[in-house]
Amino acid sequence: MKMENYRLIPSKAVGSNLFVPFVFLLFLAISSCQTSPAEHFTPAIVAEGVSGETPVTVSKQLTSEIDAVLDGTLEKGKPQESVLVPKFVDNRGVARVLGRYLASRISEGLSTDPALNVIDSGKLRQKMHLEAITQGGQGSSSMVLIARELNADRIVLGRMTDLGQQIEISVRIMSVSDGKVLGQVSKLVKKNGSFLNLWDVGP
């Protein structure tokens, strides 16, 4: 039987020869795990039944629905009906910037309807000043009386209710002659940045 020659390799040499490839493979494994910088995950908060709209889009939607109610209640044979849109107020009677914005945009939108004559808001402010009616006293009865003195046929009264993370915007369209509610529309909006900018600034 022929004996083959084997050369013994010292254990320290074997260990050092295996160590270098091991470190190299470990470095490759770590590098492959770091494909991109870590990104913070922010889950989207979606409230059921709540729109994620802006004051611009909401004012357009409200205008369209209010216009539909007004058109449906026009008196026969009357070429135009005069409409008054006071600033929208919260439950304390404060208009805030949002309330003034909504009233202004809705007035502008309704003025494009040839069947409607929107009364200038400046006349309303002047009348309120003469009658010494403050924001807190802007109730439906007092506003209907002022609308009657301004020869308005219809009045659009808007109220904003703070629901915590949401704002409910409710609108009543009323007949000035008898104070009857002709229709109501409402929107529930989430307090995103665009609404908070107009909600928290100023009275």
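The values are calculated or read from the model by the stated rules, or taken from the named source; none is laboratory data. This one's a predicted model, so the numbers in the text were calculated from it and none came from an experiment. Backbone-built Cβ (ideal geometry, glycine too); neighbour counts: all protein chains shown. Just so you know, the surface numbers come from the protein's heavy atoms only, side chains and all, with ligands and any DNA or RNA stripped out. Shrake-Rupley method; radii C 1.70, N 1.55, O 1.52, S 1.80 Å.
Run the numbers for residue 97 and residue 149: contour at 0.36 nm per residue of separation, minus the present Cα-Cα distance, in nm.
16.1 nm
How large is the accessible surface of residue 182 in square angstrom, using a 1.4 angstrom probe and rounding to the nearest 10? My reading of the accessible area for residue 182 is about 50 Å². Remark on segment 55-200: ratio of C-alpha radius of gyration to 2.2 N^0.38 Å is 0.99. Label positions at residue 142 and residue 130, each projected 7 Å from the Cα along the C-beta direction, are separated by 1.7 nm. Computed from the Cα positions only, the extents of segment 60-102 along the three principal axes stand at 39, 18, 15 Å, in decreasing order.
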